[in-house]
Amino acid sequence: MARRSQPDPTPEKLRSELVALLKDFAKELHKPELRTKVKALIPAFHKLRDLGSSLIPEREASNARDRIIAYLLRYPTRVIDGDELMVVSGIGEWARRTRELRVQFGWWIYTGVTFRQMAEDAPDGPLPKQIKEEIGADPLEIKPDQYVLLRSEQDRDAAYHWNLINSLRKHKGSVKQKILAYLRENVGKQIPGEELRYLAGDASEWARRARELRTEEGWPVVTKNSGRPDLPVGVYFLEADRQSEPHDRKIPDDVRVEVLTRDGFKCVECGWSRKDVTPGDPRQFLELHHVQAHADKGANTADNLITLCNVHHDKVHKDMSRKRK
Ligand SMILES: [Zn+2]
Ligand SMILES: [Zn+2]
């Protein structure tokens, strides 16, 4: 990028200079030599970039990356075109700077790709509608070069996450194993889907793999649309570092949500809910339990499932194994 000719010129000054440059260019336009025309247009190009970047004052943001985040912070949760970021950044490499803000500096900037991949994994569920309510756009129609700042605060563990993700990316192993390893290092923390996508090396099936950890393998990986309506859309959250008993796995998400809703998101034994979480109380999350064990042909349907807190769930299983002995 060319250096600005004056320190912090006003947008109006830059605009009139640009008009003057374009006026001069009229003479060149009629000359036959192509290269002369191209070279004559260069100052206007630089001036236009300066004009774009001058729209956010120097005191608010002094470099391209700061201008991009300053712009996004003005319009949180709205869909922003990449071209807008190109204008305010005033640089050609705006997409790379935006990616750095996302993965390296821990800003919750989502790309259209991530929203679309999350929605495509659950097209018939509530997720596409939830995303639409959040950002005012249909996630299945959002473009890859559109961006949304989902929350106005920075992840304080950004540097730690960045290092951890990059070391996991280098490991051999499946996308699912990497996602699980990352979530297990971040139990009880809200993890943006954007990070899981980056961790998966941009493999498109990351959303499905994250879901399978819950539905197939019984890890308490929860999202807004799978039993934790209090979470923001697009967040993944490992409630505890443990897998449910094999007989309580393979519950489809729609059945899970149906049972939790029926039981009022409360343990049917003690009435505990997420709202009651307190340090020192061993009750930390809710699980689903099969009344008639799945292994004994108990169905994966709502009428064979109940909601229990982790303490009562453990107790029920202890009693069950005692009876078996
Ligand atoms: Zn309980
Ligand atoms: Zn159980």
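The values are calculated or read from the model by the stated rules, or taken from the named source; none is laboratory data. Given the structure is predicted, the values throughout are model-derived calculations rather than measurements. All Cβ positions, glycine included, derive from the backbone under ideal geometry; neighbour counts span all protein chains shown.
Condition first: buried (at least 22 other Cβ atoms within 10 Å of the Cβ) and part of a helix (DSSP H, G or I). Now tell me which residues in the stretch 195-206 satisfy that. Residues satisfying the conditions are Glu195, Leu196, Arg197, Leu199, Trp206.
Of all the residues that make up the stretch 305-317, how many are assigned to a helix (DSSP H, G or I) and within 11 Å of ligand 2 (Cβ to nearest atom)?
Total satisfying the criteria: 7.
Of all residues in the stretch 228-242, those satisfying the criterion of being away from ligand 1 (no atom under 16 Å from the Cβ) and either in a loop (DSSP other than H, G, I, E, B) or on the phi > 0 side of the Ramachandran plot (or both) are Arg228, Pro229, Asp230, Leu231, Pro232, Val233, Gly234, Asp241, Arg242.
For Gly188, indicate whether it is crowded, with 16+ Cβ neighbours inside 10 Å and on the phi > 0 side of the Ramachandran plot. In short, no. Of the residues making up the stretch 305-323, none is of a type in the set (D, E, K, R), under 15 Å from Ile251 (Cα atoms) and either away from ligand 1 (no atom under 14 Å from the Cβ) or surrounded by fewer than 12 Cβ atoms within 10 Å (Cβ to Cβ) (or both). Taking the conditions exactly as written (more than 16 Å from ligand 1 (Cβ to nearest atom) and closer than 26 Å to Ser321 by Cα), does Thr223 satisfy them or not? No; evaluated as a whole, the condition is false for this residue. Where residues in the stretch 243-269 are surrounded by 13 or more Cβ atoms within 10 Å (Cβ to Cβ), outside any helix (DSSP H, G or I) and more than 27 Å from the chain's Cα centre (by Cα), which of them is farthest from ligand 2 (Cβ to nearest atom)? Looking at residues that are surrounded by 13 or more Cβ atoms within 10 Å (Cβ to Cβ), outside any helix (DSSP H, G or I) and more than 27 Å from the chain's Cα centre (by Cα), I get Lys266.
A count restricted to the stretch 113-138 and to residues that are within 13 Å of the chain's Cα centre (by Cα) and among the acidic types (Asp, Glu) stands at 1.
For the stretch 28-45, the tally of residues that are in a helix (DSSP H, G or I), out of contact with any Lys or Arg (no Cβ under 6 Å at 6 or more places or on another chain) and of a type in the set (D, E, K, R) stands at 3. Restricted to the stretch 82-121, the set of helices (runs of 4 or more DSSP H) holding at least 1 residues that are of a type in the set (Lys, Arg) comprises 94-99, 112-121.
Residue by residue, here is whether (1) aliphatic (A, V, I, L, M); (2) in contact with a strand residue (DSSP E or B) (Cβ under 6 Å, 6 or more places away or on another chain) holds:
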site	(1), (2)
Trp219	no, no
Lys224	no, no
Asp230	no, no
Arg242	no, no
Glu258	no, no
Cys267	no, yes
Cys270	no, no
Val277	yes, no
His289	no, yes
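Restricting the stretch 169-185 to residues that are surrounded by 17 or more Cβ atoms within 10 Å (Cβ to Cβ) and not β-branched (Val, Ile, Thr), the residue that is nearest to Glu245 (Cα to Cα) is Leu180. For Glu212, the criteria (1) in a helix (DSSP H, G or I); (2) in contact with a strand residue (DSSP E or B) (Cβ under 8 Å, 6 or more places away or on another chain) hold in every case but one, which is (2). Within the stretch 139-173, being assigned to a loop (DSSP other than H, G, I, E, B) and under 16 Å from the mean Cα position of the chain (by Cα) holds for Pro139, Leu140, Ile142, Lys143, Pro144, Asp145, Asp155, Arg156, Asp157.
Among residues of the stretch 273-297 being near ligand 2 (Cβ under 10 Å from one of its atoms) and under 18 Å from Glu258 (Cβ atoms), the one that is modelled with the lowest pLDDT is His294. Within the stretch 263-281, residues that are over 16 Å from Pro229 (Cα atoms) sit with their Cβ atoms under 7 Å from residues that are away from ligand 2 (no atom under 16 Å from the Cβ), at 6+ positions apart or across chains, in these pairs: Trp272/Lys266. Of all residues assigned to the stretch 148-161, none qualifies as being on the phi > 0 side of the Ramachandran plot and exposed (fewer than 14 other Cβ atoms within 10 Å of the Cβ). When you check Glu217 against the structure, is it touching a Leu at 6+ places or on another chain (Cβ under 9 Å), crowded, with 16+ Cβ neighbours inside 10 Å, outside the structural domain of Ala299 (by TED's automatic domain parsing) and within 29 Å of Ser321 (Cβ to Cβ), yes or no? Considered against the rule, which asks whether it is touching a Leu at 6+ places or on another chain (Cβ under 9 Å), crowded, with 16+ Cβ neighbours inside 10 Å, outside the structural domain of Ala299 (by TED's automatic domain parsing) and within 29 Å of Ser321 (Cβ to Cβ), Glu217 comes out as no. Count of the stretch 201-223 residues, restricted to those that are of a type in the set (Asp, Glu) and under 21 Å from Gly188 (Cα atoms), is 3.
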